[in-house]
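Working notes, beginning with the structure itself.
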Ligand code: GDP
Ligand code: MG
């Protein structure tokens, strides 16, 4: 039987805008207002039930005429904010994330990584809302803990409201440069055309209620209903992180967005060499809060998880699996070849191996590689080769070949990977430029500057 799952929500934005604190505040809401037994815990994400949101938001639910009209069960917040995590939430043709919150500091606007977040969100076609955070910093603002913004704004001196409006105005103008029409959320008439701005404070909790209610409204209007439908068949998910755990070996933290994953299942996922299968030995989830005795005793093994879920998978065969890889469970060995084919096809859409002219791209995961290539394509930069992992000698050779056509293609763009010293040396002696970094559009800006230089 199919059911409707909660939407996955990611938090994005520049460093220090308040992403972590905002997530803490939202999680706190759900802990403080939960029904006993309501909260389900996950690896890598937090479930906030709609009931908790409704209780927390009080009279604002009526003011926004949402009472009785929300059918989503709640929200699943992805716990790790940031570009890499967002990139790894990839799935074929888009993102596992259903919604994004772009957090900006209301006193400083978009900033570098805010712009990058925006571009990433747009490139994956994820609907988003803007949290204009640090509202309490508006000069003269009178804070009351956890008060909804709409009530708070009616209770301020005119000069504080004037400052706020000026800041929001600036933000709207800045966003319009990226082709985005935005407005304060209570002034938005058409959510399919305008992006709502919700003033928040992660410190005082003001505006958090508004943010959660806007997310609920936007979820029901903008996420295709089919996307939230989950089945009961073999699990489909994505690998978020692969790591070595003491006593367990290599484990994968994964998000399951459809179906069921059971202990003993075979899963097909992918490493550098292509599809790879593993047999699930253990599925690990955090213990419910009330059963947690000491910090050492945080996890428990479960027999099965159902979408939507975040889970730690202990399995034989996870060595070399790369984050951002798809994960498909198979329940019958007959289905194995097909699962391998599907995963293989998906991976070959991300990796590029061609003989056309273009730049060489390297990134640390399938997710970041796909994001980087998507971004370059949007900017009209052709890619000759794209792969996961540090650059190799062969990449230098490829770059030399590509340069023959256009000097601006004699380059390796390396996202979040280390450059082996011998490869660096060879690149230098062959006159191949390596541009390395952790911020996509810094790498791109540097590339643009360099390509202008080599052309002239
Ligand atoms: P992140 O880098 O985006 O995750 O930002 P953090 O959540 O770590 O916050 C960065 C700093 O800004 C911390 O010192 C927070 O206490 C502060 N901060 C975050 N949100 C707010 C807010 O709404 N108001 C004020 N005054 N400070 C905030
Ligand atoms: Mg943080």
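Where a number appears in this text, it was derived from the coordinates with a stated rule and is not lab data. Small disclaimer: the values here were computed from a predicted structure and weren't measured. Cβ sites come from the backbone with ideal geometry, for glycine too, and all protein chains shown count toward neighbours.
Grab the beta carbon distance between residue 24 and residue 430, set R0 = 35 Å, and tell me the FRET efficiency rounded to 0.05. If you can, show how the numbers build up before the last one.
Working: r = 49 Å, r/R0 = 1.41.
After rounding to 0.05, the efficiency reads 0.10.
How high is the relative contact order of the chain, given as a whole-number percent (alpha carbon pairs under 8 Å, six or more residues apart)?
Answer for the chain is 13 percent.
FRET efficiency for residue 157 and residue 63, Cβ-Cβ distance as r, R0 = 22 Å, nearest 0.05?
Numbers: r = 22 Å, r/R0 = 1.01.
For residue 157 and residue 63, the calculated efficiency is 0.50.
Using the 10 angstrom Cβ neighbour count as an exposure proxy, how do 429, 451 rank, fewest first? Could you put the intermediate results ahead of the total?
Details: 429 9, 451 18.
Result, fewest neighbours first: 429, 451.
Run the quick spin-label model on residue 137 and residue 334: label points 7 Å from Cα toward the beta carbon, then report their separation in nm to one decimal.
That separation, rounded to one decimal, is 6.1 nm.
222 nm [θ] for the chain, helices only, -39500 (n - 2.57) per DSSP H run of 4+, per residue, to 500? Could the numbers behind the result be given before it?
Details: 13 runs with 148 residues, N = 456.
Helix contribution divided over all residues of the chain: -10000 deg cm²/dmol.
Calculate how large, on average over all directions, the projected area of the Cα convex hull of the chain is; give the answer in nm² to one decimal.
On the way: hull surface 95.3 nm².
Reported value for the Cα convex hull: 23.8 nm².
Say a paramagnetic label sat at a point 7 Å from the Cα of residue 418, along Cα to Cβ; which residues of segment 342-377 have their backbone N under 15 Å from it?
Only 364 fall inside the zone, counting backbone N under 15 Å.
Mind sorting 232, 206 by how few other Cβ atoms lie within 10 Å of their own Cβ, fewest first? Walk me through the numbers on the way to the answer.
Working: 232 12, 206 24.
Lowest to highest Cβ neighbour count: 232, 206.
Could you check the simple spin-label distance between residue 298 and residue 145, using points 7 Å along Cα→Cβ, in nm with one decimal?
2.6 nm
For segment 197-242, what does the alpha-carbon gyration tensor say about shape, rounded, prolate or oblate, given a ≥ b ≥ c as the root eigenvalues, a/c under 1.5 as rounded, and a/b over b/c as prolate? Don't jump to the answer; show the numbers that get you there.
On the way: a/c = 3.78, a/b = 1.74, b/c = 2.17.
The shape class here is oblate.
Based on the alpha-carbon gyration tensor of segment 225-382 and its eigenvalue square roots a ≥ b ≥ c, which shape applies: rounded if a/c is under 1.5, prolate if not and a/b is larger than b/c, or oblate? Show your work: numbers first, answer last.
Working: a/c = 1.94, a/b = 1.68, b/c = 1.15.
Prolate, because a/c is 1.5 or more and a/b exceeds b/c.
Subtract the Cα-Cα distance of residue 379 and residue 189 from 0.36 nm times their separation in residues, and report this length gain in nm to one decimal. List each step's numbers first, then the result.
Working: separation 190, 0.36 × 190 = 68.40 nm, distance 3.20 nm.
Using 0.36 nm per residue and subtracting the Cα-Cα distance, I get 65.2 nm.
Grab the beta carbon distance between residue 452 and residue 112, set R0 = 22 Å, and tell me the FRET efficiency rounded to 0.05.
0.60
What is the fewest-to-most order of 12, 45, 300 by other Cβ atoms lying within 10 Å of their Cβ?
Values: 12 26, 45 23, 300 14.
The most exposed by this proxy come first: 300, 45, 12.
Would you mind telling me the antiparallel percentage of the DSSP bridges in the chain, rounded to 5?
Numbers: 53 of 87 bridges.
The antiparallel fraction comes to roughly 60 percent.
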